[in-house]
1. Does VAL78 satisfy the criteria of being of a type outside the set (Phe, Trp, Tyr) and modelled with pLDDT of 90 or more?
2. Condition (residue is without any contact (Cβ under 8 Å) to a residue 60 or more places away in the chain, over 16 Å from PHE170 (Cα atoms), outside any strand (DSSP E or B) and of a type in the set (Val, Ile, Thr)) applied to the stretch 71-78: is it met by at least one residue?
3. Where residues in the stretch 45-73 are open to solvent by 90 Å² or more (accessible area, probe 1.4 Å) and under 14 Å from the mean Cα position of the chain (by Cα), which of them is farthest from THR96 (Cα to Cα)?
4. Give just the number: which of (1) crowded, with 19+ Cβ neighbours inside 10 Å; (2) under 17 Å from the mean Cα position of the chain (by Cα); (3) under 27 Å from TYR145 (Cβ atoms) does GLY83 not satisfy?
5. Here's a check for you: in the stretch 129-155, which residue that is touching a residue at least 60 places away in the same chain (Cβ under 8 Å) and in a helix (DSSP H, G or I) is surrounded by the fewest Cβ atoms within 10 Å (Cβ to Cβ)?
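The values are calculated or read from the model by the stated rules, or taken from the named source; none is laboratory data. These numbers were taken from a predicted model, which means no experiment stands behind them. FYI the Cβ positions are ideal-geometry reconstructions off the backbone, even for glycines, and counts take in every protein chain you see. The area values use the complete protein model at the heavy-atom level, side chains included, leaving out ligands, DNA and RNA. Shrake-Rupley method; radii C 1.70, N 1.55, O 1.52, S 1.80 Å.
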Amino acid sequence: MLEIKIDANNVIQGLDKVSNEVVSNFLTKAGLAVEALAKEKCYTMMANPTGALSQSINTIQDENSVSIGSGLDYALYVHEGTGIGAKGQTSRPKGTYWVYVKDLSSDAIASYKDSHSGQSKIYWSEAEAKRAVAYLKSKGLNAFYTNGQMPKPFLTSALQEVEPQFEAIFAQALKEAI
């Protein structure tokens, strides 16, 4: 008897290689598309953008996922909001105000500290906060008060905008793998 055998294992191995390549290529393309849009949105959502937060956004890919984010300490506060604008739990009670003083030695913003307790000073009314700022300014300090900032969800907004394009991105990744 004469016969030719077609071994499915070779086909399966070939499909595994192609599928791994397609997944990796899709993750790369989708991640970079979200990253690019998140950088643009971050920059345009900021009142006084320096570009530092936007430039810090990056994409990290492993075998089965891609993560887009920023390692800057304040990125979460910008994205999720603070005080009365915060989406979830915050470190400051909602409805409160707090006073900041521009630290002239390092040009950084530091929380105004209550001289007696060493704790950040929280004010329960805007009038209280205004009086504290006026006092600090009379001492020559650059002080201001806030009750938080509204969220600027540059990452989730970018993901939601790019997500409808995932099918086309996948098709392109598949086409490139074949």
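1. no
2. No, every residue in the stretch 71-78 fails to be without any contact (Cβ under 8 Å) to a residue 60 or more places away in the chain, over 16 Å from PHE170 (Cα atoms), outside any strand (DSSP E or B) and of a type in the set (Val, Ile, Thr).
3. ILE60
4. Condition (2) is where GLY83 drops out.
5. Among those that are touching a residue at least 60 places away in the same chain (Cβ under 8 Å) and in a helix (DSSP H, G or I), it is LEU155.
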